[in-house]
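Right, one structure below, let's go through it.
The values are calculated or read from the model by the stated rules, or taken from the named source; none is laboratory data. All of these numbers come straight from a predicted model, not from anything done at the bench. Cβ atoms come from the backbone with ideal geometry, glycine included; neighbour counts cover every protein chain shown.
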Amino acid sequence: MRPTAVETCFEVACWFLDRAFDDGEHLQPQKLHRLMYLAQAYFGVLQGGMKLMPATFIAMDDGPVEPTVYRVFARGRPAVDLKPVDELPRHILDSIWRQFGAHSTDHLNKLIKRHPPYADSYAAGAGAEILFEAMLEFYGTQNLSRRQGASDFQEAPAAGKVLRPKVLRNHSGKPVSVNRWMPKRAD
């Protein structure tokens, strides 16, 4: 089994909480779980099956839940020692936040509940595990399913559309367009 990009799911949960706080938003627990679920799925697709975090999502009535985070965060943000999130996972988390963070909790619930990984697990019974392989298969084949005429109710954005290009900034923090510099060839 391959290692995960971060050591615990708490790094991801706290990253989303901090990002929401920086944007002046209160992140509801349900929305946190939906974002974590999407982050795990899209990270896996973009990194060839590697897990973002050692997490297991279960299908509950309202949507996918990571039970460890649910229990530990039940009384608010816990005092846990966190390691910083590396650049690649941070870039993908930022892309997930930009793609889905503006949506309401209800919208994310309705969206994810229609996706086969959740729907199939929930059909087996509330509390059934959502298989990581099912997440990879569904979120990784979205471009293909669009071409084959899949119904809109099941669609999720393709991984390539979720991942944002890296933005480089100048000394004052403004985004800039850059070209790779190559020295001229001396003949």
Residue 90 assigned to a loop (DSSP other than H, G, I, E, B), of a type in the set (Lys, Arg) and within 20 Å of residue 22 (Cα to Cα): no
Single residue of 63, 49 found to be more than 21 Å from residue 114 (Cα to Cα) and of a type in the set (Gly, Ala, Ser): 49
Members of segment 73-88 that are under 20 Å from the mean Cα position of the chain (by Cα) and hydrophobic (A, V, I, L, M, F, W, C): 73, 82, 85, 88
Residue that is without any contact (Cβ under 8 Å) to a residue 40 or more places away in the chain, of a type in the set (A, V, I, L, M, F, W, C) and assigned to a loop (DSSP other than H, G, I, E, B), where the choices are 5, 74: 74
When residues of segment 14-66 are limited to those that are part of a loop (DSSP other than H, G, I, E, B) and among the acidic types (Asp, Glu), the one farthest from residue 93 (Cα to Cα): 61
Scope segment 35-62; condition within 16 Å of residue 97 (Cβ to Cβ), touching a Pro at 6+ places or on another chain (Cβ under 7 Å) and not aromatic (Phe, Trp, Tyr); matching residues: 52
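How many residues are among the β-branched types (Val, Ile, Thr) and crowded, with 19+ Cβ neighbours inside 10 Å if we restrict to segment 101-123?
1
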Residue, nearest to residue 121 (Cα to Cα), within segment 48-96, restricted to residues that are modelled with pLDDT under 95 and among the small types (Gly, Ala, Ser): 49
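Specify which of the listed residues (25, 11) is at pLDDT below 95 and farther than 16 Å from residue 136 by Cβ.
25
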